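These notes are about the structure you will find just below.
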Amino acid sequence: MGGKQPIRVGMIGYKFMGKAHSNAYRKVGMFFDPDREVRMSAICGRDEEGVRQARDKFGWEGYETDWRKLVRRDDIDLIDVTTPSDFHKEIAIAAAENGKHVFCEKPLALNLADAREILAAVQKAGVRHQIGFNYRFAPAILLAKKMIDEGRLGRIFHFRGMYLQDFVIDPSFPLVWRLDKKVAGSGSLGDLGAHVVDLARYLVGDLVQVIGHNKTFIKERPLVEHMTGLSGKASDNAPRGIVDVDDATMFLGEFDNGAMCTIEATRFAQGHKNDLSFEINGEKGSIRFFLPRINELEFFDATSDAGLQGFATIQVSEEIHPYWSHWWPAAHVIGYEHTFVHEMYEFVQAIANDRPASPDFEDGMQCSRILEAVDKSIEERQWIRLDSM
Ligand code: SOE
């Protein structure tokens, strides 16, 4: 570790993402050799009993019940925000103002104006920042990026991305925070579409205009009494509340290089539990990715011998593939949680070597800009140019 001081992490939130990040901090030193060690100094949550249990189970040294206290602590270098989206802005800005590096889960903020404020705060403070677009760190996605950068697909014509889930179809499913605009900012678009938008930007380029359509299929739901993971419980006679976010959003877009973009994000695709997928079609070939087969990338090479052509399935699990040498022998597969280990490793390296992280809050803000343009296009029923946002 070159005698450098450990990076002392304070993390706020201990539910789904808090667990994923805790696991990543625990594993990063075991499987990687980061240039600075990671110290899991304190985890923070409002419910003392809950956060104490999380500290013990996830392996943190201490805990706090007040995030304001945590961000002011002198013995913390990095603040990791895994709370619901409505807390991102206040915490991220306070962390930056206290000179902490900041990691924030996606979406960066509830809206574009807030995302811009967060970005300005970290830039002003001169701290490092990274956003939780974890799928960028799947080896198959990194291979896709390399192939595109090498020109193996040639000129790109289409990006076609989908993120499909089905966990809220039942009308008795309660009004959890992900369905509440003041907490989540938006529905399927901000929660799921954000990942696809980020991959579209990462792999193909910037969007110049968008037009969308959305739907809220179930407009009222029982108010949640107890949240559990993505889900929650409500009694039979629970009062009902209004669902003010989109259940499904689709949009068309155009990239700055002229390629066409179609993106669909829905929580109403029966049978699809967590299906992020995309296909990119270029002049010289096509690639496709499907999250449940996270270690595979399909490739159609139009430059190969006619008569021998077809989609080939690349097993992205060889020593030569990104990150693979840190894990297991070839084809001893990895999964969802490993993407978080990779993203934490990269953030630690950025801090340790004093260089910008990627994807950072600029990427988070650019994603919010596109999401807001989509919403505006739906409201105004017309194409919206990104340069007007
Ligand atoms: C729930 O819809 C969720 O967990 C998202 O919040 C995550 O960002 C996505 O990766 C999986 O689905």
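The values are calculated or read from the model by the stated rules, or taken from the named source; none is laboratory data. Please read all numbers here as calculations on a predicted model, not as lab measurements. No Cβ is skipped: glycine too gets one built from the backbone with ideal geometry, and neighbour counts run over all protein chains shown. Protein only, heavy atoms only, side chains kept; ligands, DNA and RNA dropped before computing areas. Shrake-Rupley method; radii C 1.70, N 1.55, O 1.52, S 1.80 Å.
Considering only residues that are more than 16 Å from the ligand (Cβ to nearest atom), open to solvent by 10 Å² or more (accessible area, probe 1.4 Å) and over 16 Å from Asp56 (Cβ atoms), which ones fall in the stretch 13-28?
Hit for the stretch 13-28 is Lys27, nothing else.
Going by the conditions given, is Asp170 part of a loop (DSSP other than H, G, I, E, B), in contact (Cβ under 8 Å) with a residue 60 or more places away in the chain and not aliphatic (A, V, I, L, M)?
When the stated conditions are applied, Asp170 does not pass them.
Filter the strands (runs of 3 or more DSSP E) completely within the stretch 280-389 down to those with at least 3 residues that are open to solvent by less than 70 Å² (accessible area, probe 1.4 Å), over 18 Å from Ile263 (Cβ atoms) and not hydroxyl-bearing (Ser, Thr, Tyr).
Passing ranges, in order: 296-301.
Would you tally the residues in the stretch 84-101 being over 26 Å from Asp375 (Cα atoms) and either part of a helix (DSSP H, G or I) or within 16 Å of the ligand (Cβ to nearest atom) (or both)?
Of the residues in that region, 4 qualify.
Can you pull out the residues in the stretch 243-279 that are within 16 Å of the ligand (Cβ to nearest atom) and in a strand (DSSP E or B)?
If the condition is that a residue be within 16 Å of the ligand (Cβ to nearest atom) and in a strand (DSSP E or B), then Ala248, Thr249, Ile263, Glu264, Ala265, Thr266, Asp275, Leu276, Ser277, Phe278 are the ones that fit.
A quick yes/no check of all residues on (1) open to solvent by 40 Å² or more (accessible area, probe 1.4 Å); (2) assigned by TED's automatic domain parsing to the domain that holds Thr216; (3) within 16 Å of the ligand (Cβ to nearest atom):
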{"site": "Phe103", "(1), (2), (3)": "no, no, yes"}
{"site": "Leu110", "(1), (2), (3)": "yes, no, yes"}
{"site": "Ala115", "(1), (2), (3)": "no, no, no"}
{"site": "Lys124", "(1), (2), (3)": "yes, no, no"}
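List, please: which pairs have Cβ atoms under 9 Å, are six or more places apart or on different chains, and start with a residue in the stretch 258-279 that is within 16 Å of Asp247 (Cβ to Cβ) and hydroxyl-bearing (Ser, Thr, Tyr) and end with one that is more than 10 Å from the ligand (Cβ to nearest atom) and outside any strand (DSSP E or B)?
So the pair list comes out as Thr266/Asp166; Thr266/Asp246; Thr266/Asp247; Thr266/His272.
What number goes with the only condition from (1) in contact with a strand residue (DSSP E or B) (Cβ under 8 Å, 6 or more places away or on another chain); (2) of a type outside the set (Ser, Thr, Tyr); (3) more than 16 Å from the ligand (Cβ to nearest atom) that Ile131 does not pass?
Unmet condition: (3).
Which of the following residues is surrounded by fewer than 20 Cβ atoms within 10 Å (Cβ to Cβ) and not hydroxyl-bearing (Ser, Thr, Tyr): Leu230, Leu207?
Step by step, each of Leu230, Leu207 is checked, and only Leu230 is surrounded by fewer than 20 Cβ atoms within 10 Å (Cβ to Cβ) and not hydroxyl-bearing (Ser, Thr, Tyr).
Going by the structure shown, is Lys145 closer than 16 Å to Leu110 by Cα, open to solvent by 10 Å² or more (accessible area, probe 1.4 Å), away from the ligand (no atom under 15 Å from the Cβ) and in a helix (DSSP H, G or I)?
Taking the combined requirement at face value, the residue does not satisfy it.
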